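**Q** Pasting a structure here, questions to come.
The values are calculated or read from the model by the stated rules, or taken from the named source; none is laboratory data. The structure presented is a predicted model; accordingly, all values stated were derived computationally and were not measured. Positions of Cβ are backbone-derived with ideal geometry, glycine not excepted, and every protein chain shown enters the neighbour counts.
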Amino acid sequence: MAVESRDATASEREGRHEAPPRTRAAFSLLATVQIVLIMAITMLSVALPRIEAELGLSTSRLTLVNAAYGLSFSGLLLLGGRAADLYGRRRLFTVGVAVFGAASLAAGIAPGFRTLLVSRFLQGAGAALAAPAAMALVGSVFPEPNRRSRAMAVWGGLSPMGAAVGTLASGAVSTWFSWRWTFAIPAVVAVVALALTRALLPEGSADTRSRLDVKGAVLATAGLTALSYGLVHAAESPWGSPPVLGPVLLGVLLLALFVVLELRTPDPLLPMDFLRSAHRAAGLWVILAGATGISTMFMLMSLYFQQVAGMSPLLTAAAFLPFSVTLAVVGTTAAHLVRWFGARNVVVAGSLLAASGLWLLGRAEADSPYAGALLAGLLVLPVGISMMFSGGTVTVFSRTRDDRAGLAGSMVNTAMETGPTAGLALLVSLATAHTNSLALGGAGQRAAETAGYAFAFDVGAVALACTAALALWLLREPRRRDG
């Protein structure tokens, strides 16, 4: 019996050694799709001036094209996450990737504003179906808790990496080719992913006993979209004006109705007990704060490099290279940091580092050399952001049952998307208001714009420092699995 037991144990070990190549291939497929889904948020950032000139767009239309992807992505994520749990993760992943790829192709050949806008909305809708299903499938690929935790830590570093790749691709492609070719990247990745999905990814469980909360999905989608739309317009319209106040109030009202409905329905889209965990709430806030920080940095620094420093799109993309390289390096080690020091310590340290990075960027002036505070900020910020995303993602999923993995994935992605829409809009509106007040006071345009960017970075740094304190307090309890 002892010999048979040893033989069985050896056989299991061999099986574990044989499994990793297929497992790594499955994770690589899911990770690549996740990077591209996030890349789509920033892939037009550097090319916006060229899109504006080619299509003859006004500032408001250009802003809407840039934000359309994030609006539909964030608005439909709860629906996508719940649908993944109900109808099967691989099925929803396949549908989402197919819609995302087809919309990317349509956007690349769009003849005008309306087609491009609709394509960007459909891109976001496909991403909202694919992203939470992909995150839930990671749990299916890694059923063992320790390996799943390490995989989630790595997964947490993929989103900032995708944002960096999008900005670099935007600058390079729009300089050497046309901004339209940036949409070829997600289209090709979608085709490859669809070809490999059935061979590499497990089916994933489905909850056939419950029904999809359609009313809740409509209210959540409409509420998040209206709120985000109003906050996006806050960057170019004064607070209290109809373009801002109307959508914001409508969004708040619809979300309040959504909460009331979820408390009464037997199969809610978002069970309210899911948000009662202090650990989970803290993890989601950390992700939202980190997403706000990185999206604010990309937008404001892109404007600074091109409009203040006079750089070309290609040089602007090159200026972000140290950030991207650091992000890639730290992203590969963040999982080890979480395993060695714990998610709480990694989140707190990461938030403080990210706050320091934004503060350094805020020290730049109109004629500052690139190798000074700018470069220091671009090196420190990605270290902190990667740690925040990795630690925050592990915190959320370590306390979530497997049958709610899709819901957890949708909440994590909603936090990631709320930052680049609502959070970014708030900070950009602060930067715009500060710039305008300085310009009216007689300051030069370049100096006023730089001071406005610095003000937004300083506010962001304070918010991230507060996030560190919040995480230190809320994550002090022992971990437990609570639904």
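**Q** Pick out the one residue from Thr421, Thr414, Thr393 that is crowded, with 24+ Cβ neighbours inside 10 Å, β-branched (Val, Ile, Thr) and closer than 22 Å to Val325 by Cα.
**A** On the way: Thr421 fails: closer than 22 Å to Val325 by Cα; Thr414 fails: closer than 22 Å to Val325 by Cα.
Result of the check over Thr421, Thr414, Thr393: Thr393.
**Q** Another question, if that's okay. Going residue by residue through the range 95-102, is there one that turns out to be over 22 Å from the mean Cα position of the chain (by Cα), of a type outside the set (Asp, Glu), modelled with pLDDT of 75 or more and closer than 30 Å to Ala318 by Cα?
**A** Among the residues of the range 95-102, not one is over 22 Å from the mean Cα position of the chain (by Cα), of a type outside the set (Asp, Glu), modelled with pLDDT of 75 or more and closer than 30 Å to Ala318 by Cα, which makes the answer no.
**Q** Follow-up question, since we're still on this one. Could we say that Ala172 is more than 21 Å from Ser295 (Cα to Cα), of a type outside the set (Phe, Trp, Tyr) and out of contact with any Lys or Arg (no Cβ under 9 Å at 6 or more places or on another chain) here?
**A** no
**Q** Restricting to the range 316-337, name every residue that is under 19 Å from Pro49 (Cβ atoms), of a type in the set (A, V, I, L, M, F, W, C) and touching a residue at least 60 places away in the same chain (Cβ under 8 Å). Before you say what the answer is, go through the steps one by one.
**A** Initially, the range 316-337 is screened for residues under 19 Å from Pro49 (Cβ atoms), giving 316-320.
When the remaining residues are screened for being of a type in the set (A, V, I, L, M, F, W, C), the result is 317-320.
Residues satisfying the conditions are Ala317, Ala318, Phe320.
**Q** Any residue at all in the range 130-137 that is surrounded by fewer than 24 Cβ atoms within 10 Å (Cβ to Cβ) and under 22 Å from the mean Cα position of the chain (by Cα)?
**A** no
**Q** Please determine, by comparing only the residues of the range 178-189 that are crowded, with 18+ Cβ neighbours inside 10 Å and aliphatic (A, V, I, L, M), which one is modelled with the lowest pLDDT.
**A** Within the range 178-189, the match that is modelled with the lowest pLDDT is Ile185.
**Q** For Pro243, indicate whether it is at pLDDT 85 or above and in contact with a Ser or Thr (Cβ under 6 Å, 6 or more places away or on another chain). Talk me through it step by step, then tell me what you get.
**A** Working: at pLDDT 85 or above: no; in contact with a Ser or Thr (Cβ under 6 Å, 6 or more places away or on another chain): yes.
Taking the combined requirement at face value, the residue does not satisfy it.
**Q** Follow-up question, since we're still on this one. I'd like the full set of residues that are exposed (fewer than 15 other Cβ atoms within 10 Å of the Cβ), assigned to a helix (DSSP H, G or I) and modelled with pLDDT of 75 or more, limited to the range 54-66.
**A** Glu54
**Q** Kindly provide the set of residues from the range 81-108 that are buried (at least 24 other Cβ atoms within 10 Å of the Cβ) and of a type in the set (A, V, I, L, M), ordered by number.
**A** Matches in the range 81-108: Ala83, Ala84, Leu92, Val97, Ala103, Ala107.
Table: residues versus (1) modelled with pLDDT under 85; (2) within 20 Å of Thr292 (Cβ to Cβ); (3) out of contact with any Phe, Trp or Tyr (no Cβ under 6 Å at 6 or more places or on another chain); (4) in a loop (DSSP other than H, G, I, E, B).
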residue: Gly310; (1), (2), (3), (4): yes, no, yes, yes
residue: Leu315; (1), (2), (3), (4): yes, no, yes, no
residue: Ala328; (1), (2), (3), (4): yes, no, yes, no
residue: His336; (1), (2), (3), (4): yes, no, yes, no
residue: Val346; (1), (2), (3), (4): no, yes, yes, no
residue: Leu378; (1), (2), (3), (4): no, yes, no, no
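A quick yes/no check of all residues on (1) of a type in the set (A, V, I, L, M); (2) in contact (Cβ under 8 Å) with a residue 40 or more places away in the chain; (3) in a helix (DSSP H, G or I):
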site	(1), (2), (3)
Ala106	yes, no, yes
Ala128	yes, yes, yes
Ala136	yes, yes, yes
Ser140	no, yes, yes
Ala153	yes, yes, yes
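**Q** Take Phe93 and tell me if it is part of a helix (DSSP H, G or I), closer than 26 Å to Leu227 by Cβ and of a type in the set (Phe, Trp, Tyr).
**A** It is false that Phe93 is part of a helix (DSSP H, G or I), closer than 26 Å to Leu227 by Cβ and of a type in the set (Phe, Trp, Tyr).
**Q** With Glu477, Glu417, Glu449 as the choices, which residue is closer than 24 Å to Thr221 by Cα and either of a type in the set (Asp, Glu) or at pLDDT 75 or above (or both)?
**A** Exactly one of Glu477, Glu417, Glu449 is closer than 24 Å to Thr221 by Cα and either of a type in the set (Asp, Glu) or at pLDDT 75 or above (or both), namely Glu417.
**Q** Same structure, new question: Would you be able to say whether some residue in the range 161-177 is surrounded by fewer than 24 Cβ atoms within 10 Å (Cβ to Cβ), free of Cβ contacts under 8 Å to residues at least 24 places away in the same chain and out of contact with any helix residue (DSSP H, G or I) (no Cβ under 6 Å at 6 or more places or on another chain)?
**A** For the range 161-177, residues surrounded by fewer than 24 Cβ atoms within 10 Å (Cβ to Cβ), free of Cβ contacts under 8 Å to residues at least 24 places away in the same chain and out of contact with any helix residue (DSSP H, G or I) (no Cβ under 6 Å at 6 or more places or on another chain): present.
**Q** Does Pro49 satisfy the criteria of being farther than 28 Å from Gly293 by Cβ and surrounded by fewer than 24 Cβ atoms within 10 Å (Cβ to Cβ)?
**A** The answer is no for Pro49.
**Q** Further, regarding this structure: Name the one entry in Leu472, Leu430, Leu407, Leu426 that is modelled with pLDDT of 80 or more, out of contact with any His (no Cβ under 9 Å at 6 or more places or on another chain) and under 22 Å from Ala291 (Cβ atoms). Working first, answer last.
**A** Working: Leu430 fails: modelled with pLDDT of 80 or more; Leu407 fails: modelled with pLDDT of 80 or more; Leu426 fails: modelled with pLDDT of 80 or more.
Every option except Leu472 fails the conditions.
**Q** Filtering the range 190-238 down to residues that are of a type in the set (S, T, N, Q) and at pLDDT 70 or above, which residue is nearest to Asn66 (Cα to Cα)? Spell out the reasoning first.
**A** First pass over the range 190-238, keeping only residues of a type in the set (S, T, N, Q): 197, 205, 208, 210, 221, 225, 228, 237.
Within this subset, residues satisfying the condition of being at pLDDT 70 or above are 197, 221, 225, 228.
Numbers: Thr197: 30, Thr221: 19, Thr225: 14, Ser228: 13 Å.
If we take residues in the range 190-238 being of a type in the set (S, T, N, Q) and at pLDDT 70 or above, then Ser228 is nearest to Asn66 (Cα to Cα).
**Q** Yes or no: the range 70-80 includes at least one residue that is assigned to a helix (DSSP H, G or I), surrounded by fewer than 22 Cβ atoms within 10 Å (Cβ to Cβ), polar (S, T, N, Q) and out of contact with any Lys or Arg (no Cβ under 6 Å at 6 or more places or on another chain). Working first, answer last.
**A** At the first step, the residues of the range 70-80 found to be assigned to a helix (DSSP H, G or I) are 70-80.
Applying the additional criterion that residues be surrounded by fewer than 22 Cβ atoms within 10 Å (Cβ to Cβ) yields none.
No, the conditions are met nowhere in the range 70-80.
**Q** Restricted to the range 24-53, and to residues that are among the polar types (S, T, N, Q) and modelled with pLDDT of 80 or more, which residue is farthest from the chain's Cα centre (by Cα)?
**A** Within the range 24-53, the subset among the polar types (S, T, N, Q) is 28, 32, 34, 42, 45.
With the extra rule that they be modelled with pLDDT of 80 or more, the set shrinks to 28, 32, 34.
Details: Ser28: 18, Thr32: 14, Gln34: 9 Å.
It comes out as Ser28.
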